[in-house]
Ligand SMILES: CCC/C=C/C=C/C(=O)SCCNC(=O)CCNC(=O)[C@H](O)C(C)(C)COP(=O)(O)OP(=O)(O)OC[C@H]1O[C@@H](n2cnc3c(N)ncnc32)[C@H](O)[C@@H]1OP(=O)(O)O
Ligand SMILES: NC(=O)C1=CN([C@@H]2O[C@H](COP(=O)(O)OP(=O)(O)OC[C@H]3O[C@@H](n4cnc5c(N)ncnc54)[C@H](OP(=O)(O)O)[C@@H]3O)[C@@H](O)[C@H]2O)C=CC1
């Protein structure tokens, strides 16, 4: 390589390194020594971590949670198990599932089964449901939580990148829902289906376009089936979480940690959600306390969506002194 090209390539690598270093340092500074970030108003909205429903609410009930080995799915499994459910967690990584299953069942005393399944493959889904039928019988509660995602400018997406995300999120949810739905109908058994989408399923979002498209599809699927399959005893609901720090999500959506402060700044409750909070909501929606709830879309985001949407919300940063000036200017205006 000629010297000038070598020098410019080294400079480019240095620039990349410097960019990541600055982002990482800013993250360190923002996290402070506690590792937690929040706005001052977060003190008004402390997260409660204990299970909300009465103990035994899920006694004699079977719950399938896809992606239940990690993150939010794991928290939902822990809560349902604590409330008496026998849980089945399913995803690709059997070792992760088995570890989670053992940890949760040793805490709650209720059995948690681990079943390997790639939801993109309809045959694997059908075999997984065979396994579930043999282990516990058909479930009463189905939570479609498994997902794949990463931030990426759309012009950099390969066809396979698009297919991978939409296969996991939309096709995977459809395969699991249809396979279980058909068997439940055949057995004349009712069930609660819950899909975990996200707030941008409604608005769309740049840089996560396959995820936004697939999550919007999941919402259409669940709203449609809520209308069609009530006659078989099936309820379909949707939770749209805002940002909740999990390794799976944040390592792919905010790899340097630089965007977390911006998220918190625009969340009116001044903090991220916690896995235990969403687990309580998922448990309520899946329980018989919510037996009249179907076709619902529940946004659970500390107010982030409305905060992003309102044209004038940035005026929050105007100080009282600045308001005095602004008001005087506005009042001085006469006519149009
Ligand atoms: C903050 C509020 C809103 C938040 C919403 C959050 C929503 C979420 O869904 S968070 C959940 C995040 N969790 C996960 O994503 C867990 C599972 N993810 C994965 O396993 C992987 O990340 C992946 C989704 C990529 C699937 O893994 P798999 O091994 O099946 O695929 P690969 O063979 O690695 O990749 C498939 C094609 O995608 C391309 N690709 C992968 N990563 C990227 C990237 N960062 N940027 C661009 N393209 C990527 C990869 O190159 C493959 O394409 P090709 O090279 O053409 O074959
Ligand atoms: N955390 C957040 O801020 C938000 C999360 N969400 C949603 O919450 C849900 C959980 O996300 P979170 O816990 O944060 O992230 P995780 O990455 O921890 O969870 C995703 C899960 O999906 C499983 N999974 C991925 N691909 C497949 C596949 N092909 N077949 C079966 N299982 C699969 C993974 O297990 P394995 O690798 O073993 O297959 C993993 O357990 C997702 O639906 C996500 O879209 C929505 C909004 C915000």
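Rank these for me by crowding, 50, 130, going from fewest to most other beta carbons within 10 Å.
The fewest-first ordering by Cβ neighbours comes to 50, 130.
State the percent of C-alpha pairs, over all pairs in the range 191-336, separated by a distance greater than 20 angstrom.
The answer is 59 percent, as a whole percent.
Tell me the Rg and the Dmax, in Å, that the Cα atoms of the chain produce.
23.1, 78
Rg and Dmax of the range 84-156 over Cα atoms: what are they, in angstrom?
14.6, 50
Multiplying the sequence separation of residue 329 and residue 43 by 0.36 nm and subtracting their Cα-Cα distance, what value in nm do you get?
99.4 nm
What is the Cα centroid distance between the range 213-269 and the range 44-83, reported in whole angstrom?
So the two Cα centres are separated by 17 Å.
No value in this document is a laboratory result; all are computed from the given coordinates. If you're wondering where the values come from, they're calculated on a predicted model, not measured in any experiment. Reconstructed Cβ throughout: ideal geometry from the backbone, glycine too, with neighbour counts over all protein chains shown.
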